[in-house]
């Protein structure tokens with residue numbers, strides 16, 4: 001498969017948040033600070049890429065030859081949880097300044113649907129190693145892009161007269177629907 | 001005791017009130033049948049994991065609590081995934097990617113860590129059942145809205161018809177004259193219908209509070 005088209009499709013056309021509905025919790029709860037979005041995006045990129053590599057090796061070289069593929073949900077989630085834990089300890093010890101910037105978002109990523117979802121999708125589609133990497137990088141770029149756009153929209157939403165019942169998550173969902181309309185024009189539903 | 005069962009359905013409905021676990025909601029509500037299957041899966045997982053975690057809560061050491069709970073939840077999710085793959089392969093191809101994501105669903109983990117690890121076994125059982133029923137009802141409501149507007153039908157049993165020998169597809173509006181609004185079948189329609197629904201429910205709650 002063409003790698004460029006895979007990259008573009010995972011960033012724009014089949015965007016992780018707006019088309020696949022993965023990773024909605026931080027998306028709806030993101031504050032209106034821009035650097036929050038970028039920090040979250042960078043943490044997600046690191047975890048997603050490393051998790052994709054590890055799960056690729058584990059799945060293709062251990063689970064499939066031993067015919068125990070049904071254990072993949074359990075093993076993948078344990079890998080992701082341990083990976084996040086190790087990463088947080090590593091960054092806290094060796095890069096304390098970076099830890100202040102985006103270390104606090106790391107524990108939240110364990111229960112983020114996006115990481116587990118992207119990892120499982122690349123196994124379902126049976127991507128090669130390079131395709132898995134490109135898919136992970138593209139998905140996290142798409143995630144960061146949507147998060148960044150949305151944090152800017154949030155800033156404007158704060159100053160608009162929104163009805164009491166719609167403040168917070170309902171209006172965020174309606175804005176997400178309009179954003180999603182723009183993104184899915186490429187697919188042609 | 002009854003309050004543990006009913007609080008998950010109305011007062012603390014996970015989707016409409018607590019706004020947790022929204023990831024699978026938007027994806028599976030394209031038809032009522034998919035919504036029912038997903039709702040029953042989550043109810044199954046919630047029921048068993050809450051019960052088992054409450055039974056073993058005193059044996060698990062403090063440091064390995066959360067990995068143990070995740071392991072138990074993942075086991076039951078794998079059970080559900082294998083059952084669905086075997087008995088309903090068509091539904092599994094449509095919503096199959098969202099079944100393993102029940103492991104990281106905020107509702108399941110939240111009730112396990114926040115309630116089942118502290119309360120008695122029977123209360124945890126009722127709590128899991130209540131939240132599962134609340135989730136199922138919310139999914140059916142949203143799926144109904146999206147399917148009626150987007151497809152002019154209500155599909156309760158279609159892909160399961162081989163299993164149950166029953167086919168329940170209801171045509172709400174005539175097929176040829178009234179065209180459905182296909183935006184509701186797309187992700188954009190999912191966000192829109194959920195956002196408007198939660199907004200309307202919040203507005204009703206605020207008005208009721210204001211009248212008191």
Next item on the list: Considering only region A:74-111, state which residues are within 10 Å of chain B (Cβ to nearest Cβ), free of Cβ contacts under 8 Å to residues at least 40 places away in the same chain and either in a helix (DSSP H, G or I) or touching a strand residue (DSSP E or B) at 6+ places or on another chain (Cβ under 7 Å) (or both).
Entry: A:74, A:75, A:77, A:78, A:80, A:81, A:82, A:85
Item checked: Hey, residue A:6 more than 13 Å from the chain's Cα centre (by Cα), surrounded by fewer than 21 Cβ atoms within 10 Å (Cβ to Cβ) and in contact (Cβ under 8 Å) with a residue 12 or more places away in the chain or not -> yes
Next item on the list: Could you identify the single residue in B:160, B:136 that is surrounded by 19 or more Cβ atoms within 10 Å (Cβ to Cβ) and either modelled with pLDDT under 90 or at the interface with another protein chain (Cβ under 9 Å from one of its Cβ atoms) (or both)?
Entry: B:160
Checklist line | residue B:59 being assigned to a helix (DSSP H, G or I) and either more than 9 Å from chain A (Cβ to nearest Cβ) or under 23 Å from residue B:14 (Cα atoms) (or both) | finding: no
Next item on the list: Identify, from the list B:209, B:185, the residue that is surrounded by fewer than 18 Cβ atoms within 10 Å (Cβ to Cβ) and modelled with pLDDT under 90.
Entry: B:209
Notebook entry, point to check: Could you list, in sequence order, the residues of region A:116-126 that are within 8 Å of chain B (Cβ to nearest Cβ) and within 10 Å of the chain's Cα centre (by Cα)?
Noted result: A:116, A:117
Next item on the list: Being in a loop (DSSP other than H, G, I, E, B) and in contact with a helix residue (DSSP H, G or I) (Cβ under 6 Å, 6 or more places away or on another chain) is the filter here, so list the residues in region A:13-27 that pass it.
Entry: A:15, A:16, A:17, A:18, A:19, A:21, A:22, A:23
Margin query: without any contact (Cβ under 8 Å) to a residue 40 or more places away in the chain, touching a strand residue (DSSP E or B) at 6+ places or on another chain (Cβ under 8 Å) and farther than 19 Å from residue B:11 by Cβ: is that true of residue B:154 in this structure?
Written below: no
Checklist line | residue B:34 vs. criteria more than 29 Å from residue B:87 (Cα to Cα) and in contact with a helix residue (DSSP H, G or I) (Cβ under 6 Å, 6 or more places away or on another chain) | finding: no
Next item on the list: Identify the single condition in (1) within 14 Å of chain B (Cβ to nearest Cβ); (2) surrounded by 13 or more Cβ atoms within 10 Å (Cβ to Cβ) that residue A:69 does not satisfy, given that it satisfies every other one.
Entry: (2)
Next item on the list: Take region B:87-101 and flag every residue that is within 9 Å of chain A (Cβ to nearest Cβ) and out of contact with any helix residue (DSSP H, G or I) (no Cβ under 6 Å at 6 or more places or on another chain).
Entry: B:96, B:97
Check: Which members of region A:129-157 meet the condition of being over 18 Å from residue A:26 (Cβ atoms) and modelled with pLDDT under 90?
Finding: A:156
Check: Within the group A:142, A:117, A:168, A:138, which residue is on the phi > 0 side of the Ramachandran plot and surrounded by 13 or more Cβ atoms within 10 Å (Cβ to Cβ)?
Finding: A:168
Notebook entry, point to check: Of all residues in region A:95-113, which are buried (at least 21 other Cβ atoms within 10 Å of the Cβ) and over 13 Å from residue A:84 (Cβ atoms)?
Noted result: A:113
Check: How many residues does region B:62-86 hold that are facing chain A (nearest Cβ under 9 Å) and either touching a residue at least 12 places away in the same chain (Cβ under 8 Å) or within 14 Å of residue B:108 (Cβ to Cβ) (or both)?
Finding: 9
Note to self: Can you pull out every residue in region A:154-184 that is in contact (Cβ under 8 Å) with a residue 40 or more places away in the chain and facing chain B (nearest Cβ under 7 Å)?
What the structure shows: A:169, A:173, A:176, A:180, A:184
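The values are calculated or read from the model by the stated rules, or taken from the named source; none is laboratory data. This one's a predicted model, so the numbers in the text were calculated from it and none came from an experiment. When we count neighbours, we look across all protein chains shown, and the Cβ atoms used for this are built from the backbone with ideal geometry, even at glycine.
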